[in-house]
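Novice: Submitted below is the structure of interest, expressed as structure tokens.
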Amino acid sequence: MKERIISAIIMLIIFVPILIIGSYPFYIFTLVLSLMATYELLKLKPKLPNLIKIITYLFVGYLVLYNYLNTNYLINFDFRILFSMFLVYLTSLVVINDQEKYNYKDAFSLIGMTLFLGISFNNFIYIRNISLYLMIYLFLITTITDSFALFVGKKFGKRKVAPKISPNKTIEGCIGGSLFGCVFASLFYILVINNTNILLTIVITLFLTIIGQFGDLVKSNIKRHEKIKDFSNLIPGHGGILDRLDSIIFVIMTYILISNLI
């Protein structure tokens, strides 16, 4: 517990100033996080050739910084990036010609992984470029939801949500987390960002708290399948980057999908 608290304090000391400053310090910080997350997923495929790993880091980094100064990039994605990924990963099957180290399943898996990580962390930059307060609002959703889900679950939890995926997660905890996350995050949005449609804000915020918990279950599902406790130990006491950012990644993606409603 002591190690976990110390790590949390250090993360806040590093992250909060960078988040407030934004701009290039935030872009670089997000890029570093994305590469660390890439490292965590590549660890799950230890037999991959180093060249393929390097290519994956390069693709993820490019996607993270793609059009980072343009807040309208969502409707201007260059599909030549995607075509390049198909060509590189699939033609590498012939070049490497070693089914044990690299096969078509690995190729398509890496394409999906690269797109997921690159776009997810690019979304962090996209949201921060729009508004610092919007970024805080989304982080409040996941932080408060996760904290109260844990607290309520320990105090009142009896019924399991998905015992085969996450044995400690309970229905009571999920409900408690969503309610508290919705209240605090909605208040912040209404008081600081926009108060023109209070009911819609509350409904969307509640929906995002649920999505965040699904993100956590997705992470747990992957770890259960891979038979690992954490993606890495890059953050002592907390696990890896993906262990900490799973919920916010899903919340930000969902917010971008429905942002025209709020």
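The values are calculated or read from the model by the stated rules, or taken from the named source; none is laboratory data. Not measured: the values here are computed from a predicted model. Reconstructed Cβ throughout: ideal geometry from the backbone, glycine too, with neighbour counts over all protein chains shown.
Novice: Do we find a residue being within 13 Å of the chain's Cα centre (by Cα) and either among the aromatic types (Phe, Trp, Tyr) or buried (at least 19 other Cβ atoms within 10 Å of the Cβ) (or both) anywhere in the stretch 173-192? Explain how you work it out, then say what you get.
Specialist: Filtering the stretch 173-192 for residues within 13 Å of the chain's Cα centre (by Cα) gives none.
No, the conditions are met nowhere in the stretch 173-192.
Novice: Condition check: among the hydroxyl-bearing types (Ser, Thr, Tyr) and assigned by TED's automatic domain parsing to the domain that holds Thr38. Does Ser178 satisfy that?
Specialist: no
Novice: Answer with yes or no whether Phe214 is aromatic (Phe, Trp, Tyr), modelled with pLDDT under 95 and more than 22 Å from Val152 (Cβ to Cβ).
Specialist: So Phe214 does not fit the description; no.
Novice: Within the group Ile204, Ile252, Ile210, Ile241, which residue is surrounded by 15 or more Cβ atoms within 10 Å (Cβ to Cβ) and touching a Ser or Thr at 6+ places or on another chain (Cβ under 7 Å)?
Specialist: Result of the check over Ile204, Ile252, Ile210, Ile241: Ile210.
Novice: State yes or no: is Tyr73 modelled with pLDDT of 90 or more and of a type in the set (Phe, Trp, Tyr)?
Specialist: Spelling it out, it is not the case that Tyr73 is modelled with pLDDT of 90 or more and of a type in the set (Phe, Trp, Tyr).
Novice: I need every pair where a residue in the stretch 219-235 that is free of Cβ contacts under 8 Å to residues at least 12 places away in the same chain has its Cβ under 8 Å from the Cβ of a residue that is part of a helix (DSSP H, G or I), sequence separation at least 6 or different chains.
Specialist: Correct list of pairs: Lys229/Lys223.
Novice: Now for a separate question. For the stretch 160-177, what are the residues that are of a type in the set (Gly, Ala, Ser) and touching a Lys or Arg at 6+ places or on another chain (Cβ under 9 Å)? Steps first, answer last, please.
Specialist: Filtering the stretch 160-177 down to residues of a type in the set (Gly, Ala, Ser) leaves 162, 166, 173, 176-177.
If the condition is that a residue be of a type in the set (Gly, Ala, Ser) and touching a Lys or Arg at 6+ places or on another chain (Cβ under 9 Å), then Ala162, Ser166, Gly173, Gly176 are the ones that fit.
Novice: Let me ask something additional. Look through Tyr133, Tyr57, Tyr66 and report the one residue that is touching a residue at least 24 places away in the same chain (Cβ under 8 Å), surrounded by 14 or more Cβ atoms within 10 Å (Cβ to Cβ) and farther than 20 Å from Lys219 by Cβ.
Specialist: Tyr66 is the lone residue from the list that is touching a residue at least 24 places away in the same chain (Cβ under 8 Å), surrounded by 14 or more Cβ atoms within 10 Å (Cβ to Cβ) and farther than 20 Å from Lys219 by Cβ.
Novice: Right, next: With the requirement that a residue be surrounded by 20 or more Cβ atoms within 10 Å (Cβ to Cβ) and either of a type in the set (A, V, I, L, M, F, W, C) or without any contact (Cβ under 8 Å) to a residue 40 or more places away in the chain (or both), what does the stretch 114-126 give you?
Specialist: Listed by number, the residues that qualify are Leu117, Phe121, Phe124, Ile125.
Novice: When the residues of the stretch 136-155 are narrowed to those that are within 18 Å of Ile202 (Cα to Cα) and of a type in the set (Ser, Thr, Tyr), which ends up surrounded by the most Cβ atoms within 10 Å (Cβ to Cβ)?
Specialist: Only one residue tops the list, namely Thr145.
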